[in-house]
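Below is one structure, written out as structure tokens; comments come after it.
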Amino acid sequence: MGATGFVGSHVTRKLVSRGDDVRVYVRETSNTVAIDDLGVERCYGDLRDVEALRAAMADRDVVYYCVVDTRFYLRDPAPLFATNVESLRHVLDVATQANLHRFVFCSTIGTIAIAEPDQSATEDMPFNWADKGGAYIESRCRAEDLVLRHARERGLPAVVLCVSNPYGPLDWQPNQGLMVQMAALGRSPVYVRGVSAEVVGIEDVADAFLLAAERGRVGERYIISESYMSQREILAIAASAVGARPPRFGVPLAAMYAFGGLLGLASRLLRRDLPMNIHGVRLSHIMTAADHGKATRELGWRPRPTAESIRAAARFYVEQAKSGRRLSSRLMR
């Protein structure tokens, strides 16, 4: 579920390459470019269609749930809770009756605690920044709690993966990858000073999902993140991979907060959603380093350096831009 998104499509791709019998659950209106080259069975429906959900999960061993609404900037957060929590509730109710071996849930590094400066956050640390994350983080925490409660109280064989910012190729609709795309195309002359985040390669994320289905302990969370990188380093790696000029000027973080505040104000005055606000700025840098040792010990997960995936992402974005230009040129002729 969520097979058309960045994480879900890579999980699907790994399963197909392994030879698994894969069924994807998508909406009739979904953009399926990320999986159109894969031989998978398709079931159609939405997350509130109980009968369609039952049909999709029938005779399956594992459900990989990769559906999420990431629009932290919404003026009205109701859609976040509708998708991330209430629709998930319908899925979980069906999944508890589906005789599954595992239900692997894609959560976020944003549900992990913020550690002290000299520490790395782990899965066992109590969540400690609920007042700073906004509606998006609240919806993700509630979703994770819902999954874990179904595991404790209703016997759902659920495993939760707290995935950090993923980078890599075949990112058809960049979200976290947007800044990398801009750097690869030479459109990002600046970086933000003081911004660092946990990062991971997308193929390593997909590997973690398959390992969690085989070895993950029911009711447990696993941090799926490889390293802690500054924005400057991420963008420089992307630019150098394709021969673009790396960002040269550092913008103060305070300036980004001012920008986010102005966009938030404009959003309210214009009564339209703009793609940044103060919560978005805060989410870009608030997280501390995290320890993925539990995933290594229990799942056997050994991620490659994320720099390799950032380079692959940059090459993908450049090739897509070239393909678009070639198509435009042919259409003009």
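Every number in this text was worked out from the coordinates using simple rules, so none of it is lab data. All of these numbers come straight from a predicted model, not from anything done at the bench. Cβ sites come from the backbone with ideal geometry, for glycine too, and all protein chains shown count toward neighbours.
Below are the figures for this structure:
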{"item": "Helix runs (DSSP H) in the chain reaching 27 Å along axis by Cα, Kyte-Doolittle at least -1.0", "result": "134-154, 306-332"}
{"item": "Paramagnetic reach from Phe249 (point 7 Å along Cα→Cβ, amide N under 15 Å) across the stretch 162-199", "result": "187-193"}
{"item": "Positive-pole candidate from Ser17, Thr32, Val7, dipole of the stretch 1-48, charges at beta carbon", "result": "Val7"}
{"item": "Sorted peptide list for 25-32, 139-146, 206-213, 122-129, criterion being average Cβ within 10 angstrom, highest first", "result": "206-213, 139-146, 25-32, 122-129"}
{"item": "Using alpha carbons only: equivalent-ellipsoid semi-axes of the stretch 163-213, gyration tensor based, whole Å", "result": "25, 14, 7"}
{"item": "Ranked packing of 198-204, 76-82, most packed first, by mean Cβ within 10 Å", "result": "198-204, 76-82"}
{"item": "Descending Cα extents along the principal axes, the chain, whole Å", "result": "55, 55, 45"}
{"item": "Gyration tensor (alpha-carbon) shape descriptor, the stretch 149-277, a/c threshold 1.5", "result": "oblate"}
{"item": "Cα-based radius of gyration of the stretch 133-180 once divided by 2.2 N^0.38 Å, which approximates compact folds", "result": "1.54"}
{"item": "Most positive-pole-ward Cα, Leu100, Pro117, Asn128, against dipole of the stretch 91-144 from beta carbon charges", "result": "Leu100"}
{"item": "Sequence-distant residues sharing a close amide H with Arg42 (under 5 Å, placed H)", "result": "Val24"}
{"item": "Cα centroid separation - the stretch 133-148 against the stretch 253-304, whole Å", "result": "15 Å"}
{"item": "Alpha-carbon Debye profile of the stretch 12-66, log10 I(q)/I(0) at 0.15 Å⁻¹", "result": "-0.42"}
{"item": "All-pairs Cα distance distribution in the stretch 1-123, expressed in whole percent, bin size 5 Å", "result": "2, 10, 18, 21, 19, 13, 8, 5, 3, 1, 0"}
{"item": "Where only alpha carbons of the stretch 218-329 are counted, the Rg and the Dmax (Å)", "result": "18.7, 53"}
{"item": "Computed helical MRE - 222 nm, the chain, DSSP H runs ≥ 4 contributing -39500 (n - 2.57), nearest 500", "result": "-13500 deg cm²/dmol"}
{"item": "Relative compactness, the stretch 38-185, computed as alpha-carbon Rg over 2.2 N^0.38 Å", "result": "1.15"}
